[in-house]
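Accompanying notes for the structure given below.
The values are calculated or read from the model by the stated rules, or taken from the named source; none is laboratory data. Everything quoted here is computed from the prediction, not taken from an experiment. FYI the Cβ positions are ideal-geometry reconstructions off the backbone, even for glycines, and counts take in every protein chain you see. Protein only, heavy atoms only, side chains kept; ligands, DNA and RNA dropped before computing areas. Shrake-Rupley method; radii C 1.70, N 1.55, O 1.52, S 1.80 Å.
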Amino acid sequence: VQLVESGGGLVQAGASLTISCTVFGGAFRTYTMGWFRQAPGKEREFVAATRQSVGSTYYRDSVKGRFTISRDNARDMVHLQMNTLNPEDTAVYYCAAGKPALGSIANPQVYYHWGQGTQVTVSS
């Protein structure tokens with residue numbers, strides 16, 4: 001299984017950006033898809049996830065109301081729409097696939113397929 005992210009870039013504070021992840025290798029519908037991010041000098045942190053069932057989404061508190069995760073089961077893709085970006089959102093964003101229990105959905109260790117990451121930089 002291969003995950004490929006796209007759509008990162010440099011934006012100004014307050015702007016919007018959508019990043020995407022395409023899953024190659026099949027079985028997309030069986031995976032919970034997550035987005036994580038890692039800023040320089042910091043640990044990788046959970047951003048959002050969507051479980052196999054449509055409509056089940058989860059977010060870290062700091063992005064609730066600003067970010068939206070969605071999955072396209074027909075195209076084996078997951079998207080993260082990010083609105084009202086601020087400099088604290090600057091990080092490398094990683095797409096991940098796994099089958100975590102609900103209580104572990106924010107734990108990066110339970111995801112076993114990862115993309116290479118895409119840089120998102122928000123200038124003030």
Q. Which of the following residues is small (Gly, Ala, Ser), more than 15 Å from residue 118 (Cβ to Cβ) and assigned to a strand (DSSP E or B): 70, 62, 20?
A. 70
Q. Of everything in region 106-115 that's under 12 Å from the mean Cα position of the chain (by Cα) and assigned to a loop (DSSP other than H, G, I, E, B), which residue is nearest to residue 24 (Cα to Cα)?
A. 115
Q) Which of the residues that make up region 41-88 are closer than 19 Å to residue 20 by Cβ and without any contact (Cβ under 8 Å) to a residue 12 or more places away in the chain? A) 72, 74
**Q.** When residues of region 13-53 are limited to those that are closer than 17 Å to residue 92 by Cβ and β-branched (Val, Ile, Thr), the one surrounded by the most Cβ atoms within 10 Å (Cβ to Cβ)
**A.** 47
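Quick grid of which residues meet (1) touching a Ser or Thr at 6+ places or on another chain (Cβ under 9 Å); (2) assigned to a loop (DSSP other than H, G, I, E, B):
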| site | (1), (2) |
| --- | --- |
| 33 | yes, no |
| 58 | yes, no |
| 74 | no, yes |
| 100 | yes, yes |
| 121 | yes, no |
Q | Those residues of region 79-105 which are over 13 Å from the mean Cα position of the chain (by Cα), closer than 12 Å to residue 31 by Cα and not aliphatic (A, V, I, L, M), in sequence order | A | 99, 100
Q: Go through region 54-89 and give me each residue that's of a type in the set (S, T, N, Q), farther than 15 Å from residue 35 by Cβ and open to solvent by less than 60 Å² (accessible area, probe 1.4 Å).
A: 73, 86
Q: Answer yes or no as to whether residue 10 is open to solvent by less than 30 Å² (accessible area, probe 1.4 Å) and either modelled with pLDDT under 95 or of a type outside the set (Ser, Thr, Tyr) (or both).
A: no
(Q) Looking only at region 47-74, how many residues end up being of a type in the set (Phe, Trp, Tyr) and either farther than 23 Å from residue 15 by Cβ or touching a His at 6+ places or on another chain (Cβ under 7 Å) (or both)? (A) 1
Q. Which one of 61, 72 is farther than 15 Å from residue 111 by Cα, modelled with pLDDT under 95 and acidic (Asp, Glu)?
A. 72
